[in-house]
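The structure under discussion appears below in the form of structure tokens.
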Amino acid sequence: MTILNQGEFRTVVREEAEKDGYQLVDILSTRSGMEIILDKTGGITVSECGLFNRKITAWLETKGLFYDNFTLDVSSPGLDRELKTDNEIEWAKGKDVKIFLRDPIERAMEVTGILRDFNKDEEKYVIDKKDGTELAILRGNVSRIRLFPQDIKPKQRR
């Protein structure tokens with residue numbers, strides 16, 4: 001059995017994703033294999049994830065890299081996905097986000113609103129809050145940012 005070269009794996013996955021019109025969001029190592037997270041404009045479907053899984057699985061098999069206990073999962077980033085790169089943050093302009101802070105602002109450790117701007121040079125985010133006010137947040141005070149879709153209700157506990 002050949003050992004999986006993660007650099008080669010990431011390159012092949014990215015190239016194949018781009019050929020199919022997808023954006024590679026992330027590749028995660030799991031206890032038993034890898035998880036590929038893909039997206040595209042308008043969202044990726046379960047069927048598309050399945051097709052891409054079969055394509056990458058076939059490549060792994062031709063390289064002798066697929067073994068019995070290895071699992072390969074392909075999924076979408078989800079409606080409340082974390083925004084990790086500058087490109088993802090640029091893409092999220094105009095969308096509802098939740099920003100988790102390192103230090104509180106106005107006694108809050110989380111801020112929600114519409115991401116109006118992201119200025120890389122000044123390293124700050126500008127949020128339009130629900131109350132109509134604007135808030136500038138320095139990048140150094142942000143621990144993470146997630147999409148925060150307003151039209152999805154939290155699950156009810158039974």
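Of the set (1) surrounded by 12 or more Cβ atoms within 10 Å (Cβ to Cβ); (2) touching a helix residue (DSSP H, G or I) at 6+ places or on another chain (Cβ under 9 Å); (3) not in a loop (DSSP other than H, G, I, E, B), all apply to D103 but (1). Restricting attention to the stretch 27-62 and to residues that are assigned to a strand (DSSP E or B) and among the small types (G, A, S), the residue that is farthest from W91 (Cα to Cα) turns out to be G33.
Conditions (1) at pLDDT below 90; (2) within 16 Å of V142 (Cβ to Cβ); (3) touching a Phe, Trp or Tyr at 6+ places or on another chain (Cβ under 6 Å), marked per residue:
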{"site": "T45", "(1), (2), (3)": "no, no, no"}
{"site": "Y67", "(1), (2), (3)": "yes, no, no"}
{"site": "T71", "(1), (2), (3)": "yes, no, no"}
{"site": "P77", "(1), (2), (3)": "yes, no, no"}
{"site": "E90", "(1), (2), (3)": "yes, yes, no"}
{"site": "G94", "(1), (2), (3)": "no, no, no"}
{"site": "Y125", "(1), (2), (3)": "no, yes, yes"}
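Screening the stretch 31-52 for residues that are touching a Leu at 6+ places or on another chain (Cβ under 6 Å) and surrounded by fewer than 18 Cβ atoms within 10 Å (Cβ to Cβ) and picking the one that is nearest to R10 (Cα to Cα) gives E35.
Considering the stretch 1-26, and only residues there that are part of a helix (DSSP H, G or I) and β-branched (V, I, T), the residue that is surrounded by the most Cβ atoms within 10 Å (Cβ to Cβ) turns out to be V13.
The values are calculated or read from the model by the stated rules, or taken from the named source; none is laboratory data. Everything quoted here is computed from the prediction, not taken from an experiment. All Cβ positions, even for glycine, are placed from backbone atoms using ideal geometry, and neighbour counts span all protein chains on display.
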